[in-house]
1. Which entry in (1) 50; (2) 58; (3) 66 is this structure's computed percent of Cα pairs over 21 Å apart?
2. Given the protein chains as shown and a 1.4 Å probe, how many square angstrom of Asp57 are accessible, to the nearest 10?
3. How much area per residue is accessible in the chain when the probe is 1.4 Å and only protein heavy atoms are counted (Å²)?
4. Restrict the search to segment 37-81; then list the trypsin sites (Lys or Arg not before Pro) that DSSP places in a loop and that have at most 12 other Cβ atoms within 10 Å of their Cβ.
5. Normalised by the empirical 2.2 N^0.38 Å for globular proteins, what value does the Cα Rg of segment 137-199 take?
6. Helix 42-56 versus the longest principal axis of the chain: what angle, 0 to 90°, nearest 10, using Cα atoms?
7. Between 0 and 90 degrees, rounded to the nearest ten: what's the tilt of helix 21-31 against the longest Cα principal axis of the chain?
8. What does the charge count near Phe39 come to, summing +1 for each Lys or Arg and -1 for each Asp or Glu among other residues with Cβ under 14 Å from its Cβ?
Amino acid sequence: MAKTSRYPSFDVWEEHAAWDPHTRNIVGKRRTPQVAYRFFTKKEAMLLQSIVSVLVDDHRLEVLTYVTQHLDESAASPIGEAQRKVGVPPKQQLYLLGLAGINEASREKYGAEFPGLKREEQQAVLESVAAGQVPATTAWAQLNPVDFFTKLLRDTVEAYYSHPLVWSDIGYGGPAYPRGYVRVEKGLVDPWEAKADGE
């Protein structure tokens with residue numbers, strides 16, 4: 001199912017020639033991520049991708065693959081976290097426990113793991129995790145589900161809105177450097193910016 005957009009004829013990538021080479025390279029890699037996981041197992045990555053799809057309500061494989069890859073790279077990175085609430089485990093442990101907890105909650109509630117559930121069942125499981133209303137299974141006995149959901153949602157949204165297909169959906173014109181924005185008055189757009197259909 002394709003996402004609906006106010007800008008169906010806009011493709012931000014058509015402007016990539018105006019970006020500097022470094023930016024063009026970074027954004028280009030987001031369009032075609034390599035499926036190679038450094039931290040998650042393939043099963044964990046597929047579970048994570050299923051969860052991400054529900055969180056952002058998007059089915060596009062290229063977007064979901066990129067977001068999952070981004071989360072994997074973040075978990076695999078030796079770079080520490082800027083801050084973490086007292087009592088919340090490091091991101092690697094948090095992700096592994098949280099993913100296990102979602103599958104445990106899915107089995108408890110519906111008798112199957114998360115990827116095998118219907119969409120509305122998946123939504124119900126994530127809503128219960130977000131509200132902290134899950135059984136105290138092995139994973140959730142070690143981790144507050146609300147802490148996991150908050151971290152997962154923040155990381156997912158950050159990655160999702162850095163994908164060029166999503167930029168096109170929302171009419172974001174992409175990096176301004178080195179071209180810059182000229183028409184900054186309210187209601188005005190530069191010729192290369194997105195215009196809603198009919199405008």
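1. Correct label is (2).
2. Accessible area of Asp57: about 80 Å².
3. Ligands and nucleic acids excluded, the result is 55 Å² per residue.
4. Answer in residue order: Arg38.
5. Segment 137-199 yields a ratio of 1.79.
6. Relative to the chain, helix 42-56 is tipped by roughly 60 degrees.
7. 50 degrees
8. Net local charge, Phe39 excluded: 0.
The values are calculated or read from the model by the stated rules, or taken from the named source; none is laboratory data. If you're wondering where the values come from, they're calculated on a predicted model, not measured in any experiment. Virtual Cβ from ideal backbone geometry, glycine too; neighbours counted across all protein chains shown. Areas reflect the complete protein model, heavy atoms only, side chains present, ligands, DNA and RNA absent. Shrake-Rupley method; radii C 1.70, N 1.55, O 1.52, S 1.80 Å.
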